Amino acid sequence: MTPSPGAVVASGLLLVDKPGGITSHGAVAIARRAMGTRKIGHAGTLDPMATGLLILGVERATRLLGHLALHDKEYVATIRLGSATVTDDAEGEVISTASIEALESVSDALIDLGMNALTGDIQQVPSSVSAIKVEGKRSYARVRAGEHVELKPRAVTVSAFELTGIRRESDSIDIDVRVECTTGTYIRALARDLGDALGVGAHLTMLRRTRIGDFSVDDAFGPDSLGPSCLIPIADAARACFPSTVVSVEDADHVRHGRRITVELTEPTALLAPTGELLALAESDNDRLRYLAVFVG
């Protein structure tokens, strides 16, 4: 139910199971109407074709979003071997197709070898239709304007790239996969690189994000079901995403007034008041405390 005008909107996270056919921004627009606030953002864009877990921050929880993106992610996908597209997925124009003979030479063992080579710490060239900015303009916008874009490789970690199913046709091989990876990994690029390594080209026909950190799509709500009751309170969200520590009443007052406190942290940590209120996200920097985000004051 949509909150009444003027109602106070709580801060927290929404787990959304994004359907295909809408953008991540479209999901945010739906959530804004459902929650009665414009102060909502998302962590980790999903393409319109993709489905699955999208994390939205509401009110003060938008300050958490940039830090949530550091978590690892899990996807399930279908890769079609035998044709490459300009976008590395099914929405783009086909730019090459493999011969029947070439596809017949791609054995299950070769697919396994190709996937193993793309597992672990790798250098990956992002898809040219990604949202990466090139001289101030999104790469995908340059590609759609007819420009040739070459992005630099970046270090990513693919901790799992597993084959879960395979279906062979005369003109294609569809493989179902499960991927666990660090943020910044492009599943479309994995598909492209696997197709290139096998010499037959490839693109994604299905992509679903099933997990971000400890958050699962199994706990997410469809856009039409969103409302205040779906909200994960901001303190609970922070405890689920980061180590946490409870500070003294005196130190809590210092944080509220922007003053530094003495606490040793080995990684980004949620600072909580004795009441359970989330005060800040902080880390140690050369023996000094640095606030990454403050949620009070």
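The values are calculated or read from the model by the stated rules, or taken from the named source; none is laboratory data. Values in this document were obtained by computation on a predicted structure and should not be read as measured data. Using ideal geometry, Cβ is built from the backbone for each residue, glycine included, and neighbour counts are taken over all protein chains shown.
Miscellaneous remarks
- Within the option set Leu53, Leu68, Leu64, being under 29 Å from Gly92 (Cα atoms) and either crowded, with 22+ Cβ neighbours inside 10 Å or out of contact with any Pro (no Cβ under 6 Å at 6 or more places or on another chain) (or both) holds for one residue only, Leu53.
- Residue in segment 37-53 that is of a type outside the set (Ser, Thr, Tyr), free of Cβ contacts under 8 Å to residues at least 12 places away in the same chain and in contact with a Lys or Arg (Cβ under 9 Å, 6 or more places away or on another chain) present: yes
Per-residue answers, yes or no, for (1) polar (S, T, N, Q); (2) at positive phi; (3) surrounded by 21 or more Cβ atoms within 10 Å (Cβ to Cβ):
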residue	(1), (2), (3)
Val158	no, no, no
Thr164	yes, no, no
Asp171	no, no, no
Asp176	no, no, no
Gly195	no, no, yes
Gly201	no, yes, yes
Arg209	no, no, yes
Ser216	yes, no, no
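- Residues of segment 162-188 that turn out to be more than 14 Å from Arg209 (Cα to Cα) and in a strand (DSSP E or B), as a count: 10
- Of the criteria (1) over 28 Å from Glu267 (Cβ atoms); (2) modelled with pLDDT of 95 or more; (3) not hydroxyl-bearing (Ser, Thr, Tyr), which one Ile95 fails: (2)
One line per residue, one yes/no per condition, for (1) closer than 30 Å to Val217 by Cα; (2) within 19 Å of the chain's Cα centre (by Cα); (3) modelled with pLDDT of 75 or more; (4) surrounded by fewer than 18 Cβ atoms within 10 Å (Cβ to Cβ):
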residue	(1), (2), (3), (4)
Glu74	yes, yes, yes, no
Gly82	no, no, yes, no
Asp89	yes, yes, yes, no
Leu103	no, no, yes, no
Ala145	no, no, no, yes
His148	no, no, no, yes
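- Any hit, segment 248-260, residues being surrounded by fewer than 14 Cβ atoms within 10 Å (Cβ to Cβ) and either within 30 Å of Thr37 (Cα to Cα) or assigned by TED's automatic domain parsing to the domain that holds Asp88 (or both): yes
- Pairs where the first residue, in segment 14-36, is closer than 15 Å to Arg208 by Cα and the second is among the charged types (D, E, K, R), C-beta under 6 Å, 6+ apart: Leu15/Asp219
- Taking each residue of segment 95-119 that is in the same structural domain as Asp193 (by TED's automatic domain parsing) and looking for partners that are among the charged types (D, E, K, R) and assigned to a helix (DSSP H, G or I) with beta-carbon atoms closer than 9 Å, six or more apart or interchain, yields Gly114/Asp193; Ala117/Asp193; Leu118/Asp193.
- Arg256 vs. criteria more than 28 Å from Thr183 (Cα to Cα) and either hydrophobic (A, V, I, L, M, F, W, C) or modelled with pLDDT under 95 (or both): yes
- Residue in segment 194-201 that is touching a Ser or Thr at 6+ places or on another chain (Cβ under 9 Å), modelled with pLDDT of 95 or more and part of a strand (DSSP E or B) present: no
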